[in-house]
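The structure appears below as structure tokens.
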Amino acid sequence: MHPSFKQLAAALLLILTVAGLPMLVTPAGAHNWSGTTGYTGCANGSPVNRADNATHTIHYIDLKDHVRNMNEWVRNNVLEPAGFKTSVQASPNSLTDVLVRDRYYVDYCGFNWWNQSKDSGVIGLATCDKLSPTSRCETHTLRYNLHWTDLQGVALRRRLACHEHGHGIGLQHRSTQTGCMPAMAEDWAVSDYSPHDKNHLTNNY
């Protein structure tokens, strides 16, 4: 089983229970471009910070096949068409742009991570780990909770990966039911960014 009604937090997925329905609660807005925030790490709810450039080197850290596949699909079918030049590294270095991890998380970053025995918890998290000299994000890490992804089908996994990569390039939540960046997961229309999101990316990279 998986949550049928949920809402995403800024760069994390937090499931709560409201009137018997699993739900994720967070503010959302129509203007969803983060810009350069200079934020790193887990503080303040893991806020979004734009990437330092549109050339993304990605390193997968011992991923389960389904997590690698959902990220590869987004890399080839979402990021590349949106104007990002991506490549996968066998080994990370100081200029790696995106690290992707999966675990059966419990309390990483001080958050309550979801599992089947809980009514609430985090299922995905994007953090900026290192800043560029201009305070943009040099290296993001995307984390996926295997307690949750193990239970999902291909479409929802891809939409989650689209959403987390979106945070990694500076997209915040949308309040409209288009693309993969709405706060409500049930409103993820497709595994892609909306025209509104793509305008932000075109204008800023």
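The numbers here are math on the coordinates, done by the rules we state, and not lab data. Note that the structure is predicted; figures quoted are calculated from it, not measured. Don't worry about glycine lacking a Cβ; one is built from the backbone with ideal geometry, like all the others, and counts go over all protein chains shown.
Would you tally the net charge around residue 41, using a Cβ to Cβ cut-off of less than 12 Å, leaving residue 41 out, and scoring K and R as +1, D and E as -1? Spell out each step's value before the answer.
Details: positive: 130; negative: 129.
That sum, taken over residues with Cβ under 12 Å, equals 0.
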For this session: Calculate the spin-label point distance for residue 199 paired with residue 87, positioning each point 7 Å from the Cα along the beta-carbon direction, and give it in nanometres.
Result: 3.4
For this session: Can you find, among 100, 84, 63, the residue farthest towards the positive end of the dipole of region 12-204? Put +1 on the C-beta of Lys and Arg, -1 on that of Asp and Glu.
Result: 84
For this session: Evaluate the charge dipole of region 42-159 about its Cα centre and quote only its size in Debye, nearest 20, assuming +1 on the Cβ of each Lys and Arg and -1 on the Cβ of each Asp and Glu.
Result: 180
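For residue 67, what charge total do you get from the other residues with a beta carbon under 15 Å from its beta carbon, if Lys and Arg give +1 and Asp and Glu give -1? The partial results should precede the final answer.
Numbers: positive: 64, 68, 75, 101, 103, 143, 157, 158, 159; negative: 62, 65, 72, 102, 150, 164.
For residues surrounding residue 67, the net value is +3.
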Seminar exercise, completed: Simple spin-label estimate for residue 54/residue 42, 7 Å along Cα→Cβ, in nm, reads 3.5
